[in-house]
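The structure appears right after this line, and notes come after that.
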Amino acid sequence: MSLPHAILTALLEKPSSGLELTRRFDKSIGYFWSATHQQIYRELGKLEAEGLIRALPSEQPARGQKKSYGVLPAGRAELARWTAAAQDPKPQRDVLLLRLRAAAVVGTAGLAADLRRHLELHRRQLAEYREIEKRDFPPGRDAPQDRLRHLVLRAGIDLETFWTRWLTHALAEFAELPDTD
């Protein structure tokens, strides 16, 4: 049930049309909670039907005009309830780790090349996160909202740092194994 809460969060930060919301999602929340444009539009309809959001009045005629949405008090209350509720961590599911485990019984052919590819992808993501940090969180920007947003970004930076270190280590291990590429 987290997608509705991600949408409520984004709309509380800034009322938006569906298109604006999907674009913002791609640039922020989407880094840690992905959703397709279809899923977002479908969820907007459900949230509106449940009375958690509403289409904002438009200054222009509605025909052909994109609807912007705002969060109603019931939506804010739902988001506050969800934020305060205890949740257990979800079990880790990672295809790459499963593939490594399978390689122990069927061989490692092709896997080192994919590890190198993953390493490059994680390095790029880490560089992107560091650029966002540099741009959006300069020294002295420490309002409570900024500190919490920065904390989320730091989680991404720390995860990408973990993956780049782990993949570097894994590739070193692969270099010592027989029959690796």
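All of 121, 167, 159 fail the test of being buried (at least 17 other Cβ atoms within 10 Å of the Cβ) and modelled with pLDDT of 95 or more, apart from 167. Note on segment 136-172: residues that are closer than 23 Å to residue 124 by Cβ and part of a helix (DSSP H, G or I) total 25.
Contact annotation: residue pairs with Cβ atoms under 7 Å, 6 or more positions apart or on different chains, pairing a residue in segment 140-165 that is in contact (Cβ under 8 Å) with a residue 12 or more places away in the chain and β-branched (Val, Ile, Thr) with a partner that is outside any helix (DSSP H, G or I) and surrounded by 12 or more Cβ atoms within 10 Å (Cβ to Cβ), are 152/32.
If the condition is being surrounded by 12 or more Cβ atoms within 10 Å (Cβ to Cβ), of a type in the set (D, E, K, R) and either at pLDDT 95 or above or under 30 Å from residue 169 (Cβ atoms) (or both), then segment 61-118 contributes 76, 78, 99, 114, 116.
The values are calculated or read from the model by the stated rules, or taken from the named source; none is laboratory data. Note that the coordinates shown come from a computational prediction; the quantities given were computed from them, not determined experimentally. Ideal geometry is used to build each Cβ from the backbone, glycine not excepted, and the neighbour counts take in all protein chains shown.
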